[in-house]
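**Q** Pasting a structure below so you can have a look.
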Amino acid sequence: MSDKATRDSFGETLRALGKEMPELVVLDADLSVSTKSALFAKEYPSRFFQMGIAESNMVGTAAGLAFTGYVPFLCSFGAFVAGRYETIRVSIGYSKANVKIVGTHAGLGTGEDGYTQMGLEDINVLRGLPGMSILQPSDHFSTVAAVTYAARTEGPFYLRLTRQKLPQIYTSADQFTFGKANILKEGGAQVALLATGGTVGETMKAAETLSKHQPWVLDFTTIKPIDREAIAHLATRCKHIITIEDHNIIGGLGTAVAEVLAETGFGGKLHRIGIEDVYGISGTPAGLYEEFGLSASGLVKKITRHLGA
């Protein structure tokens, strides 16, 4: 399979689920072509609602639809839906509405559109909401699995998706288990690399260059609830744990892992790689990954520097 953006896989999966689930409805805030919800709209126009640039209204409408028996997916860029936190908090979170929030254009991979369009803090914003599950797939098949699971599971979800194309990691959607990290590469006692979303493919490439260190590589499709068992297991086996994410290092995967390590007495093992508490800039996805050290070569430099120190 050729490289594919997870937003494309989302749109295709949503369209397919529409046939199986007549209760499935989709809302978008004037970005359906970009979020790929337009694929569902074309197939099921009576179950698609174009809400305009009014995300708070979209959130409230989605909650209302959920309470009347529908399964709503509301779609926009991650940076925009996270900006409606106060409405999500009450209408979806506190109310335990069965709404699936979809944020595309996650991270630096958004590219030339620049910082205003990049979701770099969205996980941090939404992770603190009680009952909110967060999924960030790393390729086509994990996206199919994540979208399908969210659609068929009661409760609020946030799905974080990419604009840029990602390499194939899995061969089947059956390799996804909610709440569990996938071991992509078993390693030795020195270092474990924990990645999510758009950085998983780059981390796998970096691991090949770092083969003398025998790194573990794990993919965390589920950010919340985090796989505490996998983290604790690695903490007992590895000298270093390094998290890698296309998100601010505050509040994302690195913070979730840090919480587990701190609570289990292994806090000194962690090193976080991500957006180091700065704003994004405009550029090509590949150029930005290189600039911020998330490309395979950049990861090799950062990981080697940390292991040497």
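The values are calculated or read from the model by the stated rules, or taken from the named source; none is laboratory data. From a predicted model like this one, the values you see are computed outputs, not experimental measurements. With ideal geometry, Cβ positions are generated from the backbone for all residues, glycine too; neighbour counts draw on all protein chains shown.
**Q** From the list Thr104, Thr110, Thr35, which one is touching a Pro at 6+ places or on another chain (Cβ under 9 Å), among the hydroxyl-bearing types (Ser, Thr, Tyr) and within 24 Å of Ser282 (Cβ to Cβ)?
**A** From the options Thr104, Thr110, Thr35, the qualifying one is Thr110.
**Q** Write out, first by first residue and then by second, each pair whose Cβ atoms fall under 7 Å of each other, whose residues are 6+ apart or on separate chains, and whose first residue, in region 218-239, is of a type in the set (A, V, I, L, M) while the second is surrounded by fewer than 22 Cβ atoms within 10 Å (Cβ to Cβ) and at pLDDT below 95.
**A** Once the first residue is of a type in the set (A, V, I, L, M) and sits in region 218-239, its partners that are surrounded by fewer than 22 Cβ atoms within 10 Å (Cβ to Cβ) and at pLDDT below 95 give Ala232/Thr264; Ala235/Thr264; Ala235/Phe266; Ala235/Lys269.
**Q** Same structure again: Quick check on region 260-271. Is at least one of its residues at pLDDT 95 or above, of a type in the set (Val, Ile, Thr), within 21 Å of the chain's Cα centre (by Cα) and not in a helix (DSSP H, G or I)?
**A** Within region 260-271, none of the residues are at pLDDT 95 or above, of a type in the set (Val, Ile, Thr), within 21 Å of the chain's Cα centre (by Cα) and not in a helix (DSSP H, G or I).
**Q** Residues of region 247-259 being touching a strand residue (DSSP E or B) at 6+ places or on another chain (Cβ under 7 Å), within 21 Å of Ala230 (Cα to Cα) and either outside any helix (DSSP H, G or I) or not assigned by TED's automatic domain parsing to the domain that holds Gly198 (or both), which ones?
**A** Ile249, Gly252, listed by residue number.
**Q** Using beta carbons and a limit of 8 Å, which pairs, at least six apart or on different chains, have the first residue in region 79-99 and assigned by TED's automatic domain parsing to the domain that holds Gly131 and farther than 23 Å from Met118 by Cα and the second one surrounded by 20 or more Cβ atoms within 10 Å (Cβ to Cβ) and among the charged types (D, E, K, R)?
**A** Within 8 Å, no pair qualifies.
**Q** What are the residues in region 36-67 that are of a type in the set (Ser, Thr, Tyr), touching a helix residue (DSSP H, G or I) at 6+ places or on another chain (Cβ under 6 Å) and either modelled with pLDDT under 95 or within 26 Å of Lys4 (Cα to Cα) (or both), if any?
**A** Tyr44
**Q** Taking the stated definitions as given, is Pro130 assigned to a loop (DSSP other than H, G, I, E, B) and surrounded by fewer than 24 Cβ atoms within 10 Å (Cβ to Cβ)?
**A** It is true that Pro130 is assigned to a loop (DSSP other than H, G, I, E, B) and surrounded by fewer than 24 Cβ atoms within 10 Å (Cβ to Cβ).
**Q** Restricting attention to region 272-304, which residues are assigned to a loop (DSSP other than H, G, I, E, B), crowded, with 16+ Cβ neighbours inside 10 Å and not hydrophobic (A, V, I, L, M, F, W, C)?
**A** Those that are assigned to a loop (DSSP other than H, G, I, E, B), crowded, with 16+ Cβ neighbours inside 10 Å and not hydrophobic (A, V, I, L, M, F, W, C): Gly280, Gly283, Gly293, Ser295.
**Q** Within region 1-30, restricting attention to residues that are without any contact (Cβ under 8 Å) to a residue 60 or more places away in the chain and hydrophobic (A, V, I, L, M, F, W, C), which residue is nearest to Asp113 (Cα to Cα)?
**A** Ala29
**Q** I'd like to verify a number: residues in region 144-183 that are part of a loop (DSSP other than H, G, I, E, B) and free of Cβ contacts under 8 Å to residues at least 60 places away in the same chain, how many?
**A** Residues flagged as part of a loop (DSSP other than H, G, I, E, B) and free of Cβ contacts under 8 Å to residues at least 60 places away in the same chain within region 144-183 amount to 13.
**Q** Working only within region 25-65, note down all residues that are small (Gly, Ala, Ser), part of a loop (DSSP other than H, G, I, E, B) and over 21 Å from the mean Cα position of the chain (by Cα).
**A** Scanning region 25-65 gives Gly52, Ala54.
**Q** Give all pairs with beta carbons closer than 7 Å in which a residue from region 119-143 that is not assigned by TED's automatic domain parsing to the domain that holds Ala16 meets a residue that is of a type in the set (Gly, Ala, Ser); count only pairs at least 6 apart in sequence or on separate chains.
**A** As it stands, the answer is none, since no pair meets every condition given.
Every residue, every condition in (1) over 21 Å from Thr221 (Cβ atoms); (2) among the aromatic types (Phe, Trp, Tyr); (3) part of a helix (DSSP H, G or I); (4) modelled with pLDDT of 95 or more, yes or no:
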{"site": "Phe80", "(1), (2), (3), (4)": "yes, yes, yes, yes"}
{"site": "Ile88", "(1), (2), (3), (4)": "yes, no, yes, yes"}
{"site": "Ser91", "(1), (2), (3), (4)": "yes, no, yes, yes"}
{"site": "Ala97", "(1), (2), (3), (4)": "yes, no, no, yes"}
{"site": "Ile101", "(1), (2), (3), (4)": "no, no, no, yes"}
{"site": "Thr116", "(1), (2), (3), (4)": "yes, no, yes, no"}
{"site": "Val125", "(1), (2), (3), (4)": "no, no, yes, yes"}
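**Q** Here's a follow-up. Which is surrounded by 21 or more Cβ atoms within 10 Å (Cβ to Cβ), among the polar types (S, T, N, Q) and either farther than 21 Å from Val90 by Cα or touching a residue at least 12 places away in the same chain (Cβ under 8 Å) (or both), of Ser56, Ser37?
**A** Selected residue: Ser37, the only one of Ser56, Ser37 that is surrounded by 21 or more Cβ atoms within 10 Å (Cβ to Cβ), among the polar types (S, T, N, Q) and either farther than 21 Å from Val90 by Cα or touching a residue at least 12 places away in the same chain (Cβ under 8 Å) (or both).
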